[in-house]
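J.: Please read through the structure below; I'll follow up with questions.
The values are calculated or read from the model by the stated rules, or taken from the named source; none is laboratory data. Because the structure is predicted, anything quoted here is derived from the model rather than measured. Please note: Cβ atoms are built from the backbone with ideal geometry, for glycine as well, and neighbour counts cover all protein chains shown.
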Amino acid sequence: MIPYLTQQHMERLLELLHEGIQMVDTTGTIVFCNEAAALLDSLKKEEVIGRHILEIYPSLTEKSSTLLQVLKTGEAITDYQQTFLNYKGSKITTVNTTIPILEKGEVVGAMEISRDITHVRELSEQLVDLQKKIYGSPRKPSNHSKGTAKYNFDDMVGTSPALAKLKQKAVKAAATDSSVIVYGSTGTGKELIVQAIHNASRRREKPFVAQNCAAIPTTLLESILFGTVKGSFTGADHRPGLFELAHQGTLFLDEINSMPMVLQAKLLRVLEEKSIRRVGDIRTREIDVRIIAAMNVDPFQAVQDKMLREDLFYRLNVVSLRLPDLSERMEDFPLLLSHFINKFNHRLHKQVKGVSQKASKVLLNHGWPGNIRELENIIEGTMNVMDGTFIDVDDLPHYLGKNGTFSTSMESGMNIAPGENLKKVMNRLEKQLVLGVYRQTGENTTQTARILGVPRQTLQYRLEKLGIKA
């Protein structure tokens, strides 16, 4: 039986939340504010409770205050971005969800849940402003418009048939302006080949602008991509987006499957109409941008899993480039090993000549779930702490084990139980594999995702579907 919760109990529970919670009565007077909300607004609880919302936030009005709007309309407002000044003059940006408090069908107050994104927004705007300085104003590129694309096809180390085929296809794609989807496991070098395509294209002297779609909160991503006009939301200024900054160049959208579906629909419209509209603007602006998208899951699987719109997939997937896992091109391993040893000899002022026979056996037996990035990190970490001129087995990270592999005890699960079909067996084996690695990493989601070669969001989704809990 659930015990009766008093007002005091509820207030204690709300104090435990990391999100800011504020409640107002029908007059707009603040009747509750938890510690997180007070800290978020750079205020003290005793300075807030009992005062009108517009007195605490003088930059807001009856129209721009989400709490006052909900009191007036009785309708909830969700995921609303707001920038305002508190009465001490501090500028704050939050994402708010505001709901009415009802009693017998009547609105008796409103509650707002706020998440602070002030720092994230500042960094995002600084990034856009910095890129604007690099590339110049839209339509008026600077002398440094080439930007940050530094890799070429010569930087792709290896001679394996898989790599040669990929490079041949990418070189042909570079000669066109068609959209490209690059996909492959984490650490296979997706950004390297994207930059190489840009630098081999006719757009090589124009901007190369990259944005990881998973690195920016949903509420900010739209304004970062498309720009804003003054007044489009509280605190917004005139600011070009990445599409405008990439005009006549290449826009690289990494982890595009992390982009919310609503924003994917707007991206599709941009690709079809070749024009953008800043957030809050009525004016459209023509753009000439080549889109290269990347993801670390198969695009077809992303469409099936409802992570990527099917119509956007067909619009982007004009050219499709799959980067092979390191385990599929092990004939390139000696060249990659030598390349990274030479790289870190120069960077760390070392004189490492190679790898011992035992260490080489451990490295070759490893499955390389983190692919080339994992190899590079292992060589860098090893050379930081090792002595001597040859990497020995004792210098390698402990997680490689005696034979360079993770033990997941899969063999015991290979039998088929009565009444099981292929799907049930595959689910059971997947759960056994994921659970084995998850437990060996101490239930570290980030490390498990890296080892399994899947995005962290995908792993979290699979953990939930497979019923694996911490």
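J.: How about region 296-314: which of its residues are surrounded by 18 or more Cβ atoms within 10 Å (Cβ to Cβ) and not β-branched (V, I, T)?
T.: Of everything in region 296-314, those that are surrounded by 18 or more Cβ atoms within 10 Å (Cβ to Cβ) and not β-branched (V, I, T) turn out to be N296, P299, A302, M307, L308, R309, L312, F313.
The rows are residues; the columns are (1) outside any loop (DSSP other than H, G, I, E, B); (2) outside the structural domain of E103 (by TED's automatic domain parsing); (3) modelled with pLDDT of 80 or more; (4) of a type outside the set (A, V, I, L, M, F, W, C).
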{"position": "L13", "(1), (2), (3), (4)": "yes, no, no, no"}
{"position": "F32", "(1), (2), (3), (4)": "yes, no, yes, no"}
{"position": "S59", "(1), (2), (3), (4)": "no, no, no, yes"}
{"position": "S64", "(1), (2), (3), (4)": "no, no, yes, yes"}
{"position": "E75", "(1), (2), (3), (4)": "no, no, yes, yes"}
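J.: Please count how many residues of region 345-358 are closer than 13 Å to P334 by Cα and in a helix (DSSP H, G or I).
T.: 1
J.: Take L39 and tell me if it is at pLDDT 80 or above and within 20 Å of I92 (Cα to Cα). So that I can check it myself, show each step before the final result.
T.: Working: at pLDDT 80 or above: no; within 20 Å of I92 (Cα to Cα): yes.
When the stated conditions are applied, L39 does not pass them.
J.: Which one of the conditions (1) closer than 28 Å to V194 by Cα; (2) not assigned by TED's automatic domain parsing to the domain that holds R290 does Y314 fail to meet, given that it meets all the rest?
T.: (2)
J.: Moving to a separate point now. When region 247-295 is examined, which residues are found to be surrounded by fewer than 23 Cβ atoms within 10 Å (Cβ to Cβ) and either outside the structural domain of P207 (by TED's automatic domain parsing) or in a loop (DSSP other than H, G, I, E, B) (or both)?
T.: Q248, E255, P260, K274, R277, G280, D281, I282, R283, T284, I287, D288
J.: Tally time: how many residues in region 183-218 are in contact with a His (Cβ under 7 Å, 6 or more places away or on another chain) and part of a strand (DSSP E or B)?
T.: Of the residues in that region, 1 qualify.
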